[in-house]
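A.B. asks: Questions regarding the structure given below will be posed in turn.
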Amino acid sequence: MIEVTNREATPSPSLAELGKASGLEVGCAFSGCVDTRYRCLIAHHCRLVVPEWQLKPRFLRPRRNSAYNFEPCDAIAGFAASNGMAFHGHTLFWHEDPIPWAQGKSFERVKRDYGGFISDVMNHYPQAASWDVFNEIVGEAEPLRDEFLIRNFGLQFVDYCLHLARENAPSARLVINDYNLECGTDWSLAKQDHMLRLLDGLRAMGSPLDSIGIQGHLSSVHKASPKSTIRFIDRLADLGFDVFISELDVNDSTMPANIAVRDREVAAYYEEFLTAVLDRRSVKRIVFWGISDFDNWIVRRQTREKRRSGKARPALFDDQLQPKPAFDAVVRTLESAPPR
Ligand code: 9MR
């Protein structure tokens, strides 16, 4: 597929270039939307693309006898390749989207079915720079989530998948990704501890793992705590793990309806959080979970649920693809980020 992008059409400074100057990789989630102007915007601002749902296990292969549905994700990977952007695989495992056909009762069966699935998917995308091997397996109330495979096989399953991922893609970075790690509340701090305990366990088993994804779904409901996030990043660095801020956005559902006020508040959330975390050199990547309100999961969900709080404006660009104060705020944080 030939992708024609016109970087001249988006004259604002490129986030990708600004990030590069301090050794940061900037990327975004992408739904595969075919709007050319939107694609140009992504190509201009990002060095990395993440499929928003097209690589989720059940989307790819809902039933044992279904053929793999690789086409939608192939289109996204093709878009990334033809514009010189890297590709991140999200995700090989997700509790919200289990594939029931690979939930075997014996570990041998799980190895065959889930292991086979992981190998098939990873080998289909050998160009992937990194993989979320696990998404959201840590609990808040409990150390690990109550999901069939995790409940039945625990660390043995996690370790098996990480080894298999390394075997399949020796040079890809392997990631465990999770949310609510940045809120500073009791349950968020408990979740941080659970993640650290999991990492200790994996370390003791010699499991291969490179980076931890801190999703960064910021919200006015549970405001992020930069202080506790930085402390957590430092503890991860002590254990030898890099950090990816992997799904950054700001949910504005409880912010004032006035657009100017709302946009300023959203911008302040981005700026405060990024200023804090980018100070840490182990933070190597920022992925926006949609850079524009034009094609965005929060906007889509709000429309679906018919909420009345005014149209959501969570991203850096509005639904006309114009930069908002949040974009300027992110530019400032990238400009002042120390090199890594
Ligand atoms: O943004 C994604 C949305 O479009 C999908 O419908 C949904 C289900 O596949 O997943 C959303 O992305 C989630 C991500 O995969 C994991 N962290 C939370 C994200 C937002 O729900």
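The values are calculated or read from the model by the stated rules, or taken from the named source; none is laboratory data. Small disclaimer: the values here were computed from a predicted structure and weren't measured. Methodologically, a virtual Cβ is constructed for each residue, glycine included, from the backbone with ideal geometry; neighbour enumeration extends over all protein chains shown. Surface accessibility is based on the protein's heavy atoms, side chains included, excluding ligands, DNA and RNA. Shrake-Rupley method; radii C 1.70, N 1.55, O 1.52, S 1.80 Å.
A.B. asks: I need the full set of residues from the range 28-42 which are under 14 Å from residue 81 (Cβ atoms) and either open to solvent by less than 10 Å² (accessible area, probe 1.4 Å) or at pLDDT below 95 (or both), in order please.
C.D. replies: 30, 42
A.B. asks: Please find, among 97, 132, the residue that is under 18 Å from residue 168 (Cα atoms), open to solvent by less than 40 Å² (accessible area, probe 1.4 Å) and of a type in the set (Asp, Glu).
C.D. replies: 132
A.B. asks: Now for a separate question. Restricting attention to the range 19-42, does a residue exist that is touching a Cys at 6+ places or on another chain (Cβ under 7 Å), away from the ligand (no atom under 16 Å from the Cβ) and not charged (D, E, K, R)?
C.D. replies: Yes: one or more hits.
A.B. asks: Further, regarding this structure: If you scan the range 112-129, which residues turn out to be within 20 Å of residue 101 (Cα to Cα), open to solvent by 10 Å² or more (accessible area, probe 1.4 Å) and small (Gly, Ala, Ser)?
C.D. replies: Within the range 112-129, 116, 119 qualify.
A.B. asks: Turning to a different aspect of this structure: Counting only residues that are over 19 Å from the mean Cα position of the chain (by Cα) and part of a loop (DSSP other than H, G, I, E, B), which one in the range 74-112 is farthest from the ligand (Cβ to nearest atom)?
C.D. replies: 106
A.B. asks: Also, quick follow-up: Scan the range 159-205 for residues that are closer than 30 Å to residue 223 by Cα, crowded, with 19+ Cβ neighbours inside 10 Å and aliphatic (A, V, I, L, M) and jot them down.
C.D. replies: Residues satisfying the conditions are 174, 175, 176, 181, 195, 198, 199.
A.B. asks: Filter the range 43-61 down to the residues that are outside any helix (DSSP H, G or I) and within 13 Å of the ligand (Cβ to nearest atom), then identify the one that is most open to solvent (accessible area, probe 1.4 Å).
C.D. replies: Per the stated criteria, the residue is 53.
A.B. asks: Quick one: in the range 260-290, which of the residues that are away from the ligand (no atom under 16 Å from the Cβ) and among the small types (Gly, Ala, Ser) is surrounded by the fewest Cβ atoms within 10 Å (Cβ to Cβ)?
C.D. replies: 260
A.B. asks: Among the residues of the range 219-253, what is the count of those that are crowded, with 23+ Cβ neighbours inside 10 Å and either within 15 Å of the ligand (Cβ to nearest atom) or touching a residue at least 60 places away in the same chain (Cβ under 8 Å) (or both)?
C.D. replies: 8
A.B. asks: Taking residue 70, is it at negative phi and either away from the ligand (no atom under 16 Å from the Cβ) or open to solvent by 10 Å² or more (accessible area, probe 1.4 Å) (or both)?
C.D. replies: yes
A.B. asks: For the range 1-20, which residues satisfy the criterion of being at pLDDT 95 or above and open to solvent by less than 90 Å² (accessible area, probe 1.4 Å)?
C.D. replies: Matches in the range 1-20: 14, 15, 16, 18, 19.
A.B. asks: Checking residue 293 against (1) under 17 Å from residue 34 (Cα atoms); (2) surrounded by fewer than 18 Cβ atoms within 10 Å (Cβ to Cβ); (3) within 16 Å of the ligand (Cβ to nearest atom), only one condition comes out false. Which one?
C.D. replies: Going through (1) under 17 Å from residue 34 (Cα atoms); (2) surrounded by fewer than 18 Cβ atoms within 10 Å (Cβ to Cβ); (3) within 16 Å of the ligand (Cβ to nearest atom) one by one, residue 293 breaks only (2).
A.B. asks: Residue under question is residue 149, and the condition is that it be assigned to a helix (DSSP H, G or I) and at pLDDT 95 or above; does it hold?
C.D. replies: Taking the combined requirement at face value, the residue satisfies it.
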